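Have a look at the structure below, then the notes.
The values are calculated or read from the model by the stated rules, or taken from the named source; none is laboratory data. Predicted model, so just to flag it, every value in this text is computed and none were measured. Here the Cβ is made from the backbone with ideal geometry for all residues, glycine too, and neighbour counts use every protein chain on show. Heavy atoms of the whole protein, side chains included, go into the accessibility calculation; ligands, DNA and RNA do not. Shrake-Rupley method; radii C 1.70, N 1.55, O 1.52, S 1.80 Å.
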Amino acid sequence: MDFKKIIIIVVIFLIFFLGLLYFLKKDTVVNHLNQSLTPEEQMAKDRISPLGTGEGFWDEAISPFREDRTKPYLELLEDLRTGKVNFVWEVWALRRKCKAEYTPDQCNATILAYLDSEYESPDKEKVKDLFTSYFRYEDEYRRWEQPTDLPFVELYEKIKAKRRDVLGDKADLVFGMEESQVSFLEGTQNFIKQSANLPADQRVKQYEELKRKTYGAYYDALVSREDKYDHYQLEMSLRDKELSAITDPKEREKYLNKIETKYFGKERAASLSEERVKETKFHESIAKYESKEKEFLKENPNLSASEKEKKLKELRIQALGSEEEADAYIRRKNIEEAGK
């Protein structure tokens, strides 16, 4: 993954986020519950409710949200503060369990009824206050007339201010993790430009320091969710300049193996190394064949098409090792030429 791809990922994230903001501004809120999955719902699709795991049944009004174990308020609070739980995802995970015919207000009321029945005072009032505050924020946000001519960074700052105006200190519990991720994406763009001439090891170290500092209390939770391969690709991007300067194949392979062992373990790293060796030999075989093909055609211009093809097939099998590989080469070649 080169830095252009990193920038593209950042842009896609910002576009997706702006899409969520637009979605919340829509007046027809019933569609959130009655039609296809919303962006928030899609993100929450495989998440577990912060209120517990498993499913049970209680009285009809609150049974959609009955769980085996509800989290105590202080445990839920700590999970929100450290990013183990994303509050918005969890709200939408609960809403997906509402009956299709419910209005948004009915669905919200059902969630509050569940909280009221499941928690004891004083936790009950505190948990309900968190949910009702978020419901109020959604309502305020939809009515808020946003500036339409601002770049994303400035608009997002206004959104953050709006959140704190409505939610106060609860804004950090509800949106803190998301805001740290947006800050990190913005910081990554600047870091890539400013660190271009740093030694690779130092560059990787400073990148991790930036991530840890920006994510703060959310660092462990967010890193635990990262895809190892994506993280590996990003580190290789940070090391691209240094790797490109290594011309000795053995040293280059040693360099790659060290990084791959870090992310995937010795066994997987060894497997990746073997695949590269096979790939290198394969491309060398193709280059060898194409050189012989060019030489043969130059020396035998008067042969018929069938005679040429017969001889070339023999050369392909000889160079690539089998008739199957020879035929596969022709198929790939035809596809490449058709795409030009």
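A few notes on this one:
- In Å², nearest 10: area of Glu307 left accessible to a 1.4 Å probe: 90
- Residue among Tyr134, Gln146, Ala161 farthest towards the positive dipole end of segment 122-177, charges placed on Cβ: Tyr134
- Neighbourhood charge, 11 Å Cβ-Cβ cut-off, centred on Asp79 and excluding it, Lys, Arg +1 and Asp, Glu -1: 0
- Full-extension gain in nm, Asp169 to Glu226, via 0.36 nm per residue minus C-alpha separation: 17.7 nm
- Summed over the residues of segment 175-269 and divided among them, the accessible surface reaches 59 Å² per residue at a probe radius of 1.4 Å.
- Bridgeable lysines around Lys310 (alpha carbons under 21 Å apart, same-chain partners fewer than 8 residues away excluded): Lys288, Lys292, Lys294, Lys298, Lys333.
- Cα-based reach from Lys258 at 18 Å (exclusive), listing lysines while leaving out same-chain residues under 8 positions away: Lys205, Lys228, Lys241, Lys250, Lys266
- Near Val166: Cβ cut-off under 14 Å, other residues only, Lys/Arg at +1 and Asp/Glu at -1. The net charge is +2.
- Taking 0.36 nm per residue of sequence separation and removing the Cα-Cα distance, the Lys266/Leu243 pair yields an extension gain of 6.3 nm.
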